[in-house]
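The values are calculated or read from the model by the stated rules, or taken from the named source; none is laboratory data. Nothing here was measured: the structure is a model prediction, and the numbers come from that model. A quick note on method: Cβ atoms are made from the backbone with ideal geometry, for glycine too, and the neighbour counts reach across all protein chains shown.
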């Protein structure tokens, strides 16, 4: 817990608007990915079918879509950012691995790796000064 406090102190001292805009862009990207999984179920079905017969495919589609949408909104407003990113990491790591196990798609691999790197950054950096977390902490 002390490590998180130290990271928050460092992040709040070194915060800037471009980093907050990057956090918001990550949240928007994840939210839109969740929406695209709901609106285009065939696309995710094609990705998962390349891995073979998967029994709980519809459950996985709904988990990924809802996790991306809820986590994306939370990351956009900066509320429980680290927790939201912890939920996103298994999905993003799986997206990276699917490119090597199933059909290789360079665009999806690039998006996944970029999202993974940005998520790792915000996992350590936190939500920053322009966020709901910072506002709620200052209200105490």
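A few comments on the model shown:
- Meets criteria (at pLDDT 90 or above and either in contact with a strand residue (DSSP E or B) (Cβ under 8 Å, 6 or more places away or on another chain) or closer than 28 Å to residue 124 by Cβ (or both)) for residue 4: no
- Of the residues making up region 75-116, those that are within 21 Å of residue 45 (Cβ to Cβ) and part of a loop (DSSP other than H, G, I, E, B) are 102, 103, 104, 105.
- Filtered residues of region 7-50 (kept if outside any helix (DSSP H, G or I) and either at pLDDT 70 or above or in contact with a strand residue (DSSP E or B) (Cβ under 6 Å, 6 or more places away or on another chain) (or both)): 16, 40
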